[in-house]
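Everything on this sheet refers to the single structure shown next.
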Amino acid sequence: MPLPRVLIIAPAFFHFGFGVTHAFSQAGYQVCVCTYDTPVDPYDLRRKIAFKLARNKEDYRRRNRLARQRRFTDCFDDFHPDIVFIMNGEILLPETLDYFRSKARVALWCFDSVKHIPAIEGHIDHVDRFYCYDRGDVEHYAAQGKTAFFLPQAAYMGPDFYRPLEGVRKDIDILFVGDLYHSKRRQQYIRGVIEAFPDKKIKVVGIYKPWYKNPLKALLRERRDIYTNCNVAPEQVNRLYNRARVVLNIHNEQQSDGANPKVFEICAAGAYQLCDANPYIRSLFPDGSVGLYDSQEQLHSLIRQALEGDMSEKAAAAHSIVAQRHTFGNRVESVLKDLNN
């Protein structure tokens, strides 16, 4: 008997696609993956220059989306999937979703707030299941009389991604990994931590002052011993998590009642996490295995406690919670249950 088939459409830069692909394979599905670039597809040198110089960038993106639909319908026709699973899907037009849906079940999982991706706002009307990573987005649609479903993000746990490492020395006191450039909130928290703990080894990994925005500011940026001003691959992030005594998680401004991937990835790596609280995150770790804060003062207090004590048991408990309930296998299992009912 042939295996059921799933076509996965996802942004090329999302490593989450590997986790979803693996989860569907483990569930007994034959998988085909079709990726796309953002903000335009493909984001090669020619289109990158054209997009930068375009007077009306939204019009340029609209025309690019229109031109790329054939690529996705051809992939669909060649593969004949039973399910189309889309991650964000801002490249797709409603007509393309309707075409998929005429021959297969279609699910879309938003990995960002729909309020920040206008192109997918109306996709809920053209799929069988529309999943949001934040409860605030579910409420956003409920206010319009539409039904979206809450599906939190997850961790990809495995030999090439997030897991505890043996024999790694804890040589970083305080670590943060993430995009600082687009979040004033994160910048404020990180500056406060650096000022409060001048004698600790602090590492901040992620884009802070991008070269493409202002080469001079990037060149002259402060505290190179702390700020790397670059992104790193998941395998390197996992090693950094394993080296850190405390890993900070600071959500960006768009998160209100959900969790970013780092909530799960830090725990999957076996690291001790301090995370800003919201109702959903409070529900994840009722045992206190992740330290939760609501202010700079609370964060600094929790950092002091963590650096003065041994958080290994708490980190292990949080790892167990994520491994049992918050992997991509868990999420795909939920999606399949919904689509097959």
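If you go through segment 91-106 and keep only what is surrounded by fewer than 22 Cβ atoms within 10 Å (Cβ to Cβ) and either of a type in the set (D, E) or touching a residue at least 60 places away in the same chain (Cβ under 8 Å) (or both), you end up with E95, D98, A104, R105. Here K262 fulfils each of the conditions (1) closer than 30 Å to R101 by Cα; (2) touching a residue at least 40 places away in the same chain (Cβ under 8 Å); (3) not small (G, A, S) apart from (1). Residue pairs whose Cβ atoms lie under 7 Å apart, sitting 6 or more positions apart in sequence or on different chains, and linking a residue in segment 211-223 that is free of Cβ contacts under 8 Å to residues at least 24 places away in the same chain to a partner that is assigned to a loop (DSSP other than H, G, I, E, B), are K217/K209; A218/K209; A218/P210; A218/W211; A218/N229; R221/Y208; R221/K209; R221/N229.
In this structure, V246 does not satisfy being among the β-branched types (V, I, T) and either in the same structural domain as G19 (by TED's automatic domain parsing) or loosely packed, with under 15 Cβ neighbours inside 10 Å (or both). Restricting L66, L108, L92, L97 to residues that are at pLDDT 90 or above and either outside the structural domain of V20 (by TED's automatic domain parsing) or assigned to a loop (DSSP other than H, G, I, E, B) (or both) narrows the list to L92. The condition of being assigned to a helix (DSSP H, G or I), under 17 Å from K201 (Cα atoms) and in contact with a Lys or Arg (Cβ under 9 Å, 6 or more places away or on another chain) holds for L307. Within segment 325-333, one or more residues are loosely packed, with under 15 Cβ neighbours inside 10 Å and out of contact with any Pro (no Cβ under 7 Å at 6 or more places or on another chain). In segment 111-156, which residues are surrounded by fewer than 16 Cβ atoms within 10 Å (Cβ to Cβ), among the small types (G, A, S) and farther than 26 Å from P39 by Cβ? The answer is A142, A143, G145. Restricted to helices (runs of 4 or more DSSP H) entirely inside segment 168-263, those with at least 2 residues that are at pLDDT 95 or above are 184-196, 234-243. Here R71, R47, R55 are screened, and the one residue that is out of contact with any strand residue (DSSP E or B) (no Cβ under 8 Å at 6 or more places or on another chain), not aliphatic (A, V, I, L, M) and not in a loop (DSSP other than H, G, I, E, B) is R47. If you check K184, K217, K209 for being over 25 Å from Q324 (Cα atoms), among the charged types (D, E, K, R) and touching a helix residue (DSSP H, G or I) at 6+ places or on another chain (Cβ under 6 Å), only one passes: K209.
When A317 is tested against (1) among the aliphatic types (A, V, I, L, M); (2) crowded, with 21+ Cβ neighbours inside 10 Å; (3) within 23 Å of P152 (Cβ to Cβ), exactly one condition is not met: (2). Report whether or not T35 is polar (S, T, N, Q) and buried (at least 20 other Cβ atoms within 10 Å of the Cβ). So T35 does not fit the description; no. Annotation: H15 fulfils all but one of (1) closer than 30 Å to P159 by Cα; (2) out of contact with any helix residue (DSSP H, G or I) (no Cβ under 6 Å at 6 or more places or on another chain); (3) at pLDDT below 95; the unmet one is (2). Flag: K184 does not match the condition of being of a type in the set (D, E, K, R), within 25 Å of A318 (Cβ to Cβ) and in contact (Cβ under 8 Å) with a residue 40 or more places away in the chain.
The C-beta contact set for segment 72-86 (first residue in the same structural domain as T35 (by TED's automatic domain parsing) and buried (at least 21 other Cβ atoms within 10 Å of the Cβ), second residue aromatic (F, W, Y) and part of a helix (DSSP H, G or I), distance under 6 angstrom, 6+ apart or interchain) comprises V84/F100.
The values are calculated or read from the model by the stated rules, or taken from the named source; none is laboratory data. Not measured: the values here are computed from a predicted model. Using ideal geometry, Cβ is built from the backbone for each residue, glycine included, and neighbour counts are taken over all protein chains shown.
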